[in-house]
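The values are calculated or read from the model by the stated rules, or taken from the named source; none is laboratory data. Bear in mind that the values here come from a model prediction, so they are computed numbers and not experimental data. Positions of Cβ are backbone-derived with ideal geometry, glycine not excepted, and every protein chain shown enters the neighbour counts. The accessibility values were calculated without ligands, DNA or RNA, using every heavy atom of the protein model including side chains. Shrake-Rupley method; radii C 1.70, N 1.55, O 1.52, S 1.80 Å.
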Amino acid sequence: MKKTLREIATLVNGKIIGDEETEICGLSDIEHAAAGDLIFAVPPHIDEAKNSKCSAVLLPEAAEIGDVFPLPAVLVRDPRAAFAMLMTVFVPQIALSREVSPKAHIGKNVKIGKNTAVMPFAVVDDNAEIGDNATIYPNAYIGQFAKVGDGTTVYSAATVREYCIVGKNCIIHSAAVIGADGFGFTTDDGVHKKVPQIGNVILGDNVEIGAHVGIDRATINSTVVGNGTKIDNLVHIGHNCKIGDNCLIVAQTGISGSTIVGNNVTFGGQVGTVGHIEIGANSVYAARSGITGNMPENYFGAGFPVQPHAEWLRMQAAMKKMPELVKKIRALEKALASKKEK
């Protein structure tokens, strides 16, 4: 595919610097770009982009680039977002047969919408419902009475268990399990007895679930993930959790059962929480934070147990001085002991 810089500027609503007839054949990063490629650059990488072998650059409108930029460029409000949109243009879509494969297993009383692809060896169990324009890849399992919304994609080896509900335009990556049993047991005389988990999981619209994610069904009622929330690989969400809208949950995070998370919360990698707490909206928790109690809104936390990020940074800076301080204290103790002997 080839597009002129003028055509690209029209697609991303940008302003051109340089030759608007510059031909773009593909997309690349700064390091690997070649002639014909378009890249994007944001501070502090704009000077690096000037020396790129690419043919043109997406730059932020507010960038201080001087009167002349050495390469043709398109100025946009958000180069990352514009570049992401262009990726859908330049990267060819995978061709799929929009039909139910005769090699798929379709149970009794199943409802499948228009223009939906159910690929070979997928299993859609009894009484399940799949909306229009959905895609179910090979070896995926859609359980009994489960519902999968319009435009949703379920990749190979992913599981949507019985009675679970997946919203519109969701993406569920390979080996994710939506609706595994919650971790519920009673203990009697040292014997652990399973508590039936009879609830379900509800995913809102535009949710993305990474590979090998486990979202447990509620003991009763529903485990909920709100609209627009994105979950990275290897995340676990316990039973009865309520995750708000537009959250970001990064890899290896574990959210214990019955935790309520507000809207627009970001968890860095390997964050852990205790259960039965509430975490306020519009907050950010740095990687490996340990959340041990209720948290307010608009909080920026780090460390274990979690504390304000600025305090954690000061503590880490102080910790680096500990070996030197220990040496000084030992020297002082030795000098004091020597003085007492005299």
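Scoring residue 73 on the criteria (1) at pLDDT 95 or above; (2) in contact with a Gly (Cβ under 7 Å, 6 or more places away or on another chain) leaves a single failure, condition (1). Check whether at least one residue in region 9-25 is open to solvent by 60 Å² or more (accessible area, probe 1.4 Å) and in contact with an Asp or Glu (Cβ under 8 Å, 6 or more places away or on another chain), and report yes or no. For region 9-25, residues open to solvent by 60 Å² or more (accessible area, probe 1.4 Å) and in contact with an Asp or Glu (Cβ under 8 Å, 6 or more places away or on another chain): present. Which of the strands (runs of 3 or more DSSP E) found entirely inside region 199-240 contain at least 2 residues meeting this: within 17 Å of the chain's Cα centre (by Cα)? Per the criteria, 214-216, 222-225. Among the residues of region 37-59, is there at least one that is of a type in the set (Ser, Thr, Tyr) and assigned to a helix (DSSP H, G or I)? There is no residue in region 37-59 that is of a type in the set (Ser, Thr, Tyr) and assigned to a helix (DSSP H, G or I). Inside region 26-36, residues that are free of Cβ contacts under 8 Å to residues at least 40 places away in the same chain, open to solvent by less than 30 Å² (accessible area, probe 1.4 Å) and not hydrophobic (A, V, I, L, M, F, W, C) make up a count of 2. Within the option set 146, 117, being within 19 Å of residue 199 (Cα to Cα), open to solvent by less than 60 Å² (accessible area, probe 1.4 Å) and among the small types (Gly, Ala, Ser) holds for one residue only, 146.
Screening region 47-70 for residues that are open to solvent by 30 Å² or more (accessible area, probe 1.4 Å) and not charged (D, E, K, R) and picking the one that is modelled with the lowest pLDDT gives 66. Mind checking whether some residue in region 303-313 is over 17 Å from the mean Cα position of the chain (by Cα), of a type in the set (Asp, Glu) and outside any strand (DSSP E or B)? Scanning region 303-313, I find at least one residue that is over 17 Å from the mean Cα position of the chain (by Cα), of a type in the set (Asp, Glu) and outside any strand (DSSP E or B), so the answer is yes. The number of residues in region 201-225 being touching a Lys or Arg at 6+ places or on another chain (Cβ under 9 Å) and farther than 18 Å from residue 150 by Cβ comes to 6.
Residues considered: 60, 79. Of these, the only one that is farther than 16 Å from residue 20 by Cβ and either without any contact (Cβ under 8 Å) to a residue 24 or more places away in the chain or in contact with a His (Cβ under 8 Å, 6 or more places away or on another chain) (or both) is 60. Just to be sure I understand, how many residues within region 278-304 are closer than 15 Å to residue 253 by Cα and either of a type in the set (Phe, Trp, Tyr) or exposed (fewer than 14 other Cβ atoms within 10 Å of the Cβ) (or both)? Adding up the residues that qualify gives 3.
Under the condition of being touching a residue at least 40 places away in the same chain (Cβ under 8 Å), charged (D, E, K, R) and assigned to a helix (DSSP H, G or I), the residues counted in region 5-25 number 0.
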